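The values are calculated or read from the model by the stated rules, or taken from the named source; none is laboratory data. What you are looking at is a predicted structure, and each value in this text was computed from that prediction instead of being measured. Neighbour counts run over all protein chains shown; Cβ positions are idealised from the backbone, glycine included. The area values use the complete protein model at the heavy-atom level, side chains included, leaving out ligands, DNA and RNA. Shrake-Rupley method; radii C 1.70, N 1.55, O 1.52, S 1.80 Å.
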Amino acid sequence: MGYAGHDERRERILTAAAGVLAESGMERLSVRAVAEAAEVGMGTLRHYFPNQKSLHQALIAKLVDNEIEDFEIRDHRLSAADRLERCMLQFVPTTEESAHLLDVWFGMYRAGLDPAGAPFAREFLETSAARSRERIRAWLDILAEEGHLDPSEIRTRALELSSVITGVCLEMITPGSEMTVDDVTGIVRRAARAIPREG
């Protein structure tokens, strides 16, 4: 099988893993379940993903990369604040999808932080959060290269933006919270716009 076939089979396994995750949740995301869903043997799956952690990391990268785009981060017709705001708002669910996405987000955190939970749930949460922070850092790197941010501030600013997203999502799922999707959008918008300096 040529390289293209290799990539196609790997992608089929990752697509099957995403399906298992969506249908059955993180608790059921095992190598065996993914192999069955992808209709490949365990040996074939292990060829592409030697262990469960490597499968999870590849799946998370696929999910984050498919959902989070760089948009116009390099479009100099827009202000640096506009570009960063557009990128950051991808982390905010729309009104139509908010209930489902917040359930998924909370499920990922609940499973990942449960001391009695499966070890891969913690790895999944850790890798997902790290991948999201990497995307934010990449956007800030671009803005720093353009002179809109001091490079020494990138790490701290990425953590700030990541914390804002986590905080507003947690507030949205808190029983009795008054937080709406519009509130979240405004908070994230202000946080993103406060970082770049125009110049």
HN-Hα J in Hz across segment 181-191 - Karplus 6.51, -1.76, 1.60, θ = phi - 60°, x for Gly and Pro: 4, 5, 4, 4, 4, x, 5, 5, 4, 5, 5
Options 26, 90, 158, ranked by Cα towards positive dipole end of the chain, top entry (Cβ charges): 26
Solvent-accessible area, 1.4 Å probe, carbon plus sulfur percent, for the chain: 51 percent
Theoretical gain in end-to-end length, residue 104 to residue 76 [0.36 nm per residue, Cα-Cα removed]: 6.6 nm
Only Lys, Arg, Asp and Glu count, each charged at its Cβ (+1, +1, -1, -1), so figure out the dipole size of segment 65-199 about its Cα centre, rounded to 20 debye. 300 debye
Farthest toward the dipole's positive end in the chain, which of 172, 51, 106, given Cβ charges of +1 (Lys, Arg) and -1 (Asp, Glu) about the Cα centre? 51
By accessible area (1.4 Å), largest first, 78, 14 order as 78, 14
Solvent-accessible area per residue for the chain (1.4 angstrom probe, square angstrom): 56 Å²
Going residue by residue through segment 134-145, the Karplus relation 6.51 cos²θ - 1.76 cosθ + 1.60 with θ = phi - 60° gives ³J(HN,Hα) values, rounded to whole Hz and with x marking Gly or Pro, of 4, 5, 5, 4, 4, 5, 5, 4, 4, 5, 5, 4
Given 0.36 nm per residue, what is the gain on full extension from residue 39 to residue 6 after removing their alpha carbon distance, in nm? 10.4 nm
Kindly provide the helix-only [θ] at 222 nm of the chain, computed as the sum of -39,500 (n - 2.57) over DSSP H runs of four or more divided by all residues, to the nearest 500 deg cm²/dmol? -23000 deg cm²/dmol
Looking at segment 113-199, which chymotrypsin sites (Phe, Trp or Tyr not before Pro) are DSSP coil and have at most 13 other C-beta atoms within 10 Å of their C-beta? none
When Cα extents along the principal axes in Å is calculated directly from the model, which label among (i) 49, 40, 29; (ii) 56, 47, 30; (iii) 118, 47, 21 fits? (ii)
Loop-resident sites, segment 29-85, for GluC sites (Glu not before Pro), counting at most 12 other Cβ within 10 Å (DSSP): 39, 69
